[in-house]
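Colleague: The structure that follows is given in the form of structure tokens.
The values are calculated or read from the model by the stated rules, or taken from the named source; none is laboratory data. Just so you know, these numbers come straight off a predicted model, no measurement behind them. Every residue, glycine as well, gets a Cβ built from its backbone with ideal geometry; the counts of neighbours run over all protein chains shown. Accessible surface areas use protein heavy atoms only, side chains included; no ligands, DNA or RNA. Shrake-Rupley method; radii C 1.70, N 1.55, O 1.52, S 1.80 Å.
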Amino acid sequence: DVKVTQSSRYLVKRTGEKVFLECVQDMDHENMFWYRQDPGLGLRLIYFSYDVKMKEKGDIPEGYSVSREKKERFSLILESASTNQTSMYLCASTGANVLTFGAGSRLTVL
Amino acid sequence: AQSVTQPDIHITVSEGASLELRCNYSYGATPYLFWYVQSPGQGLQLLLKYFSGDTLVQGIKGFEAEFKRSQSSFNLRKPSVHWSDAAEYFCAVDVIYNQGGKLIFGQGTELSVKP
């Protein structure tokens, strides 16, 4: 089975802190994605990457950046966390047009 | 713009009863269609998908979904619900076929199961 691992399940940060959310997949997938999940809004795409060192903005990229230095790893970065970035963050990768998700990282910004 | 609508935010059914979760999409052509399930505190798990062919698709855990082009719908069904089916369900579409994974999700439907 494809495994997508998000190393931090729960984080609490303060406003203005820099936050790194890490995601690793073990199936050599080209495509990786970061989604944000909020109640009543479903999932919204933040950034995605189709190859190492490549990135493209999704629907809500403001306040976020990403890094993909290795094929298996895709990091989401909040340069200066704000309270409106309190949310569940889901990483995913695709094979054969099907998304496989990690367990999620729940971030609280105080 | 493309969109996905799940009209029911929350549904409660009795254990053993049948279930239908609604999903409508807005898109000119036929997209790839998906249903995912999310248990509390977990990521999303794929239940089933439709790319082409037979419009009735079978998935895991006894779920099925039917694609109806005329209604732009992809409703999820299960004949007999189990307590372990309590979760949140998301419908999603992929309108850019060669960029798999860039999905548009509905708002989700939370399912509660009464004993």
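Colleague: Condition first: in a strand (DSSP E or B), out of contact with any Lys or Arg (no Cβ under 6 Å at 6 or more places or on another chain) and either within 20 Å of A:Leu43 (Cβ to Cβ) or within 14 Å of chain A (Cβ to nearest Cβ) (or both). Can you find one or more residues in the stretch B:95-103 that meet it? Walk me through how you get there before you give the answer.
Modeller: Step one: filter the stretch B:95-103 for residues in a strand (DSSP E or B), giving none.
The answer is no, given that none of the residues of the stretch B:95-103 is in a strand (DSSP E or B), out of contact with any Lys or Arg (no Cβ under 6 Å at 6 or more places or on another chain) and either within 20 Å of A:Leu43 (Cβ to Cβ) or within 14 Å of chain A (Cβ to nearest Cβ) (or both).
Colleague: Exactly one of (1) β-branched (Val, Ile, Thr); (2) over 23 Å from A:Asp59 (Cα atoms); (3) in a loop (DSSP other than H, G, I, E, B) is unmet by B:Thr30. Its number?
Modeller: (2)
Colleague: Does B:Gln42 meet the test of being within 20 Å of A:Asp59 (Cα to Cα) and part of a loop (DSSP other than H, G, I, E, B)?
Modeller: Working: within 20 Å of A:Asp59 (Cα to Cα): no; part of a loop (DSSP other than H, G, I, E, B): yes.
Taking the combined requirement at face value, the residue does not satisfy it.
Colleague: Read through the list (1) touching a helix residue (DSSP H, G or I) at 6+ places or on another chain (Cβ under 8 Å); (2) closer than 27 Å to A:Tyr89 by Cβ, then give the number of the only condition that B:Trp35 fails.
Modeller: Of (1) touching a helix residue (DSSP H, G or I) at 6+ places or on another chain (Cβ under 8 Å); (2) closer than 27 Å to A:Tyr89 by Cβ, only one is false for B:Trp35: (1).
Colleague: Another question, if that's okay. Does A:Phe20 satisfy the criteria of being modelled with pLDDT of 95 or more and farther than 11 Å from A:Leu90 by Cα?
Modeller: Yes; evaluated as a whole, the condition is true for this residue.
Colleague: Is there any pair linking a residue in the stretch A:88-110 that is over 22 Å from A:Lys18 (Cα atoms) to one that is of a type in the set (D, E, K, R) and open to solvent by less than 10 Å² (accessible area, probe 1.4 Å), with Cβ under 9 Å and at least six apart or on different chains, and which?
Modeller: Between residues of the stretch A:88-110 that are over 22 Å from A:Lys18 (Cα atoms) and residues that are of a type in the set (D, E, K, R) and open to solvent by less than 10 Å² (accessible area, probe 1.4 Å), the close pairs are A:Asn97/B:Asp94; A:Leu99/B:Asp94.
Colleague: Yes or no: the stretch A:25-36 includes at least one residue that is assigned to a loop (DSSP other than H, G, I, E, B), farther than 21 Å from B:Phe90 by Cα and at pLDDT 95 or above. So that I can check it myself, show each step before the final result.
Modeller: Taking the stretch A:25-36 as the starting set, the residues that turn out to be assigned to a loop (DSSP other than H, G, I, E, B) are A:26-30.
Those left that are additionally farther than 21 Å from B:Phe90 by Cα: A:26-30.
This time we only want the ones that are at pLDDT 95 or above, so: none.
No: zero hits.
Colleague: Here is a list: B:Lys102, B:Lys61, B:Lys78. Which entry is crowded, with 16+ Cβ neighbours inside 10 Å and either at pLDDT 95 or above or farther than 16 Å from B:Tyr25 by Cβ (or both)? It would help to see each step written out before you state the result.
Modeller: Working: B:Lys102 fails: either at pLDDT 95 or above or farther than 16 Å from B:Tyr25 by Cβ (or both); B:Lys61 fails: crowded, with 16+ Cβ neighbours inside 10 Å.
B:Lys78 is the lone residue from the list that is crowded, with 16+ Cβ neighbours inside 10 Å and either at pLDDT 95 or above or farther than 16 Å from B:Tyr25 by Cβ (or both).
Colleague: For residues that are open to solvent by 10 Å² or more (accessible area, probe 1.4 Å) and over 17 Å from A:Ser8 (Cα atoms), scanning just the stretch A:80-93, find the one that is farthest from the other protein chains (Cβ to nearest Cβ).
Modeller: Only one residue fits best here, namely A:Ser80.
Colleague: Scan the stretch B:27-44 residue by residue and report those that are of a type in the set (Gly, Ala, Ser) and open to solvent by 30 Å² or more (accessible area, probe 1.4 Å).
Modeller: Initially, the stretch B:27-44 is screened for residues of a type in the set (Gly, Ala, Ser), giving B:28-29, B:39, B:41, B:43.
Those that are of a type in the set (Gly, Ala, Ser) and open to solvent by 30 Å² or more (accessible area, probe 1.4 Å): B:Gly28, B:Ala29, B:Ser39, B:Gly41.
Colleague: Could you list all residues from the stretch A:11-34 that are of a type outside the set (Asp, Glu), surrounded by fewer than 18 Cβ atoms within 10 Å (Cβ to Cβ) and more than 22 Å from A:Leu110 (Cβ to Cβ)?
Modeller: To start, the set of residues in the stretch A:11-34 that are of a type outside the set (Asp, Glu) comprises A:11-16, A:18-21, A:23-25, A:27, A:29, A:31-34.
If we keep only those that are surrounded by fewer than 18 Cβ atoms within 10 Å (Cβ to Cβ) as well, we get A:11-16, A:18, A:20, A:27.
Correct list: A:Met27 only.
Colleague: Let me ask something additional. Within the stretch A:37-49, work out how many residues are open to solvent by 30 Å² or more (accessible area, probe 1.4 Å), of a type in the set (Gly, Ala, Ser) and not in a loop (DSSP other than H, G, I, E, B). Walk me through how you get there before you give the answer.
Modeller: The first filter runs over the stretch A:37-49 and keeps only residues open to solvent by 30 Å² or more (accessible area, probe 1.4 Å), leaving A:39-41, A:44.
This time we only want the ones that are of a type in the set (Gly, Ala, Ser), so: A:40.
Imposing the further condition that a residue be not in a loop (DSSP other than H, G, I, E, B) reduces the set to none.
Within the stretch A:37-49, residues that are open to solvent by 30 Å² or more (accessible area, probe 1.4 Å), of a type in the set (Gly, Ala, Ser) and not in a loop (DSSP other than H, G, I, E, B) number 0.
Colleague: While we're here: So which residues in the stretch B:31-63 are free of Cβ contacts under 8 Å to residues at least 40 places away in the same chain, of a type in the set (Phe, Trp, Tyr) and at the interface with another protein chain (Cβ under 8 Å from one of its Cβ atoms), if there are any at all?
Modeller: B:Phe51
Colleague: Here's a follow-up. Say we look at the stretch A:34-79 and pick out the residues that are within 10 Å of another protein chain (Cβ to nearest Cβ) and aromatic (Phe, Trp, Tyr); which of these is farthest from A:Cys23 (Cα to Cα)?
Modeller: A:Tyr50
Colleague: Looking at the stretch A:58-93, which of the residues that are of a type in the set (S, T, N, Q) and within 14 Å of the chain's Cα centre (by Cα) is nearest to B:Tyr32 (Cα to Cα)? Please lay out each step first, then the result.
Modeller: Let us first name the residues in the stretch A:58-93 that are of a type in the set (S, T, N, Q), namely A:65, A:67, A:75, A:80, A:82-87, A:93.
Those left that are additionally within 14 Å of the chain's Cα centre (by Cα): A:65, A:67, A:75, A:85-87, A:93.
Working: A:Ser65: 28, A:Ser67: 28, A:Ser75: 27, A:Gln85: 30, A:Thr86: 31, A:Ser87: 27, A:Ser93: 17 Å.
Only one residue fits best here, namely A:Ser93.
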